[in-house]
Amino acid sequence: MTTPSICKKTITCFCLLGLLSGAASGQSSETAPKEEIIVIGVTPNDGLGLPEGKLPYRVQSASAEQLERAQSLDLSDYLRNNASSITINDAANNPLQPDVQFRGYSASPLLGLAQGIAVYQNGVRINEPLGDTVNWDLLPESAIRRINLISGANPLFGLNTLGGALAVTMKNGFNSEGHHVEVVGGSFDRIVTSAESSANNGTWGYYANLSYFDEDGWRDESASDALNFYGSLGWRGALSELNLNVQHGDTELLGNGAIPVELAALDRDAIFTAPDRTSNDLLMISMDGNHNVTDNIKLSGTAFYRENKTSSFNGDGSEYAVCEFRGGDALLEGLEEDDLEEIEEALEGMGVDVSLDDDDLCEGQFADADALEDFLNRQALAAGEDEEFDLENVDISGTGELADEAINNISRRKQESYGADMQLSWLHDLMGNENTMIFGLSYFNGQSEFQSVTELSGLDENTRSTVGLGSGTFVDEAATNIDTETETFSVYFMNSMDVTDALTLTLSVRMNNTLITLTDNSGERPELNGEHDYFRINPAVGLTWQVNEAMNVYGNYSESNRAPTPIELACNDSVFTRAQAAAVAAGEDADDVEFECRLPNAFLADPPLEDVVTRSFEAGMRGNVGLANYHLGFFHSTNNNDIIFQSTGRATGLFGNVDKTRRLGLEGILHGGTDRMNWFIAYTYLKATFENDFEAITSEGHPNGEEIEGGEGATIDVSSGDDIPGLPDHSLKLGADYLLFDNLSLGFDVIYNASQVLRGDESNQLDTLDGYAVVNLRGRYRFNDHLELFARITNLFDKDYESFGLLGEEPGEVEVPLFEDFENPRFVGPGAPRAGFVGIKLSL
């Protein structure tokens with residue numbers, strides 16, 4: 001569908017809704033839907049806020065009561081089922097590790113995925129420093145008071161707000177009172193418990209929440225658990241308030257990722273290789289408060305410290321090989337014909353007559369060369385030589401028991417961040433009209449320590465797991481030990497003025513200055529050391545027009561930017577070009593240069609990437625028609641210098657800027673309710689495309705790819721207009737809750753997502769991943785004010801579907817008998833089967 005056709009349909013829908021709302025404006029107040037006027041914070045630090053009707057962009061909100069009624073597992077699950085323009089990719093295949101996508105932009109725990117959503121908790125930005133990732137497992141839903149999903153490249157929400165921002169307000173002793181215990185159990189041996197307690201005496205208040213998740217998982221070898229504590233101590237005075245918040249999270253998640261389509265056809269519960277374990281240990285302390293200087297002037301601020309220690313253990317297929325050399329096993333790396341001749345000459349000088357051929361060196365393989373050096377030293381001693389043998393052209397790695405079936409990618413990262421935000425809000429009259437002005441300062445410092453190693457390992461043919469089979473042999477060239485620091489200082493300003501009683505003009509601007517520093521601690525890679533400075537001023541301007549009581553029209557233009565993350569700076573495609581140039585300068589062939597980057601297990605040199613700049617426009621109308629409220633909107637955003645991760649099929653790949661990408665679409669939602677029923681229906685059309693021609697790196701398994709000479713992977717030609725992978729063009733959601741009796745309610749929701757392009761097929765040459773629809777049911781029975789029983793069935797019709805797909809290497813390369821005949825390089829993330837859960841809630 002072309003842009004003009006979308007615009008025509010948008011204008012047509014606007015006209016139709018305008019006519020309907022004009023007719024509805026004459027209805028009596030008894031028939032028109034009534035909604036509480038909610039004041040929404042226009043910055044992460046709420047300040048005075050504005051009514052939704054004065055915001056020139058769309059905001060989707062949900063309260064604690066709505067989250068509870070939906071019976072969602074966590075916040076991401078609620079967004080999947082209820083928020084329009086949200087889709088989920090189950091890339092990790094763990095319910096607490098989803099890729100959440102809003103209007104084609106991501107908020108994900110996957111290190112290396114380009115992030116485009118800023119997430120705030122009580123005004124604290126919780127995107128992690130190393131890769132802007134979002135750990136959904138560390139955000140307990142039962143402690144959430146309210147969420148606001150803000151659309152567009154809103155500069156007031158700072159870096160990474162390319163597609164939008166998610167602002168989460170947690171409970172405290174003043175906005176939530178009472179004592180509650182909830183227990184849920186059911187399929188997959190899942191047990192979810194939470195206990196919360198809160199109270200206040202008018203001056204002091206407390207809130208405490210302890211939640212625990214534990215399950216065996218529906219796939220093999222996928223048990224996970226998550227423990228979270230959140231507490232708040234608050235004080236309220238006549239003009240001021242202050243909250244001290246403490247959070248601790250301890251989670252261990254197994255997400256065994258996508259599997260070959262041929263394996264999915266045999267057993268959807270199966271895993272490819274395992275384990276893929278991620279452990280998080282979080283401590284966060286924050287303080288937020290405000291003071292009413294006068295009736296119209298408010299001073300508010302937030303300060304925080306956050307520390308998250310993450311360990312990961314990823315078992316994967318191996319590209320390494322054990323060679324039989326001179327009657328014994330040895331691990332040899334990257335040796336060529338010239339090296340063979342040098343070895344022969346060296347051995348002949350020791351009195352050893354030997355003739356070597358390519359088969360002795362497993363040509364084209366990569367592995368540990370230390371065993372070879374040990375062998376040559378033994379040969380030297382046997383020949384009466386006293387000197388240790390040292391072959392310059394052999395890269396020495398570790399030693400240990402030899403194994404070649406698999407590898408263990410082991411990493412640890414410690415991420416610390418701290419910062420503060422202070423803002424002044426002023427409500428006053430300007431030229432006789434109401435005016436709200438906000439001025440703020442923000443500082444953020446994020447530091448990361450990252451260490452990783454690659455260990456050669458064996459592979460259990462039955463479980464495809466490497467756990468406990470490590471050889472103790474580590475590949476030195478794949479080891480990483482770096483520190484990173486990201487420091488951002490921001491100044492922002494917003495002014496919202498009522499030009500007339502019906503027309504409001506909003507102007508915003510934010511200046512971001514970001515300095516990113518990388519330091520190599522190994523002493524082996526000085527090329528990693530570097531500083532990168534990014535400065536940008538982002539503006540926004542918007543208008544809202546209250547046409548009548550039933551219709552509000554808005555339009556907004558905004559800009560925002562995202563500085564490259566440390567992991568993107570340390571692993572990008574400029575490295576390959578520089579490596580080739582260095583080879584030519586040394587008199588070598590550039591085509592012989594091999595390039596590889598493992599995520600999250602290795603970094604390469606850090607030539608600069610450009611920061612991503614998003615220019616966004618959206619327009620829409622909202623209001624009511626009869627008993628229903630509606631929203632219809634159009635959005636268009638362009639990313640300049642977008643950063644994409646180009647995968648070569650496994651954990652390998654690299655980052656690079658592409659000139660331009662675009663996301664445009666339509667959103668429509670109807671929702672309404674009576675005393676006994678609430679319902680909604682939401683539709684989104686999204687067209688996310690690359691807007692320039694470029695050459696992408698993908699898996700060698702791509703049937704139309706051109707193999708990279710001297711390196712890993714293949715290249716494909718991406719053309720302007722090709723769809724960005726992983727994003728369905730169409731998504732539809734509908735749901736309802738009905739109070740059947742005074743104490744019994746029933747509800748359902750339906751999700752439909754259309755087909756999507758496989759990740760790794762940026763050129764759109766292959767068959768897409770099929771679309772799917774899933775139906776969920778829920779019910780709640782209230783015995784009295786203190787006891788409730790509830791139940792939920794997910795995937796009611798036990799639909800086999802996949803929400804994620806990518807192109808990898810041929811599965812048969814993994815040395816497991818089951819995979820010997822697997823040739824299809826398509827991998828999929830299967831959706832969970834039908835499941836049932838029952839819970840009970842006790843309130844005191």
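Residues Arg780, Arg834, Arg676, ordered by accessible area of protein heavy atoms at a 1.4 angstrom probe radius and largest first, appear as Arg834, Arg676, Arg780.
Provide the packing ranking of 228-236, 133-141, i.e. peptides ordered by the mean count of other C-beta atoms within 10 Å per residue, highest first. Display every interim value, and only then the final one.
Values: 228-236: 20.7, 133-141: 24.7.
Packing order, densest peptide first, comes out as 133-141, 228-236.
Charging the Cβ of each Asp and Glu at -1 and of each Lys and Arg at +1, and nothing else, the dipole of the range 504-558 about its Cα centre rounds to 300 debye. With θ taken as phi - 60° and the Karplus curve 6.51 cos²θ - 1.76 cosθ + 1.60 applied, the whole-hertz 3J(HN,Hα) list for the range 300-309 is 9, x, 9, 9, 8, 9, 9, 9, 10, 9 Hz, x standing for glycine and proline.
Based on Cβ point charges of +1 for Lys and Arg and -1 for Asp and Glu, what charge dipole magnitude is obtained for the range 778-832 about its Cα centre, in debye rounded to the nearest 20? Walk me through the numbers on the way to the answer.
Working: 6 positive and 12 negative charges, 184 e Å.
Rounded to the nearest 20 debye, it is 880 debye.
Accessible area per residue (1.4 Å probe, heavy atoms of protein chains only) ranks Phe272, Phe174, Phe157 as Phe174, Phe272, Phe157, with the largest value leading.
I need the shape label for the range 143-241. Rule: rounded when a/c is under 1.5, else prolate if a/b > b/c, else oblate, with a, b, c from the alpha carbon gyration tensor. The shape class here is oblate. Amide H contacts for Val625 (H built 1.01 Å from N in the peptide plane; partners 5 or more residues away or on another chain; cut-off under 5 Å): Tyr630. Need one number: the % of Cα-Cα pairs in the range 71-188 sitting beyond the 18 Å mark. Here the long-distance tail beyond 18 Å is 51 percent of all Cα pairs in the range 71-188. Charging the Cβ of each Asp and Glu at -1 and of each Lys and Arg at +1, and nothing else, the dipole of the range 700-786 about its Cα centre rounds to 1040 debye. With θ taken as phi - 60° and the Karplus curve 6.51 cos²θ - 1.76 cosθ + 1.60 applied, the whole-hertz 3J(HN,Hα) list for the range 118-130 is 8, 10, 10, 10, 6, x, 9, 6, 9, 5, 6, x, 5 Hz, x standing for glycine and proline.
3J(HN,Hα) along the range 238-245: 5, 10, 9, 8, 8, 10, 10, 10 Hz, from the Karplus curve 6.51 cos²θ - 1.76 cosθ + 1.60 with θ = phi - 60°, whole Hz, x for Gly and Pro. Within the assembled protein chains, the solvent-accessible surface assigned to Met422 is about 100 Å², based on a 1.4 Å probe.
The values are calculated or read from the model by the stated rules, or taken from the named source; none is laboratory data. Fair warning: this is a prediction, and the values are worked out from it, not measured in the lab. Cβ atoms come from the backbone with ideal geometry, glycine included; neighbour counts cover every protein chain shown. These area figures cover heavy atoms from the full protein model, side chains too; ligands, DNA and RNA do not enter into them. Shrake-Rupley method; radii C 1.70, N 1.55, O 1.52, S 1.80 Å.
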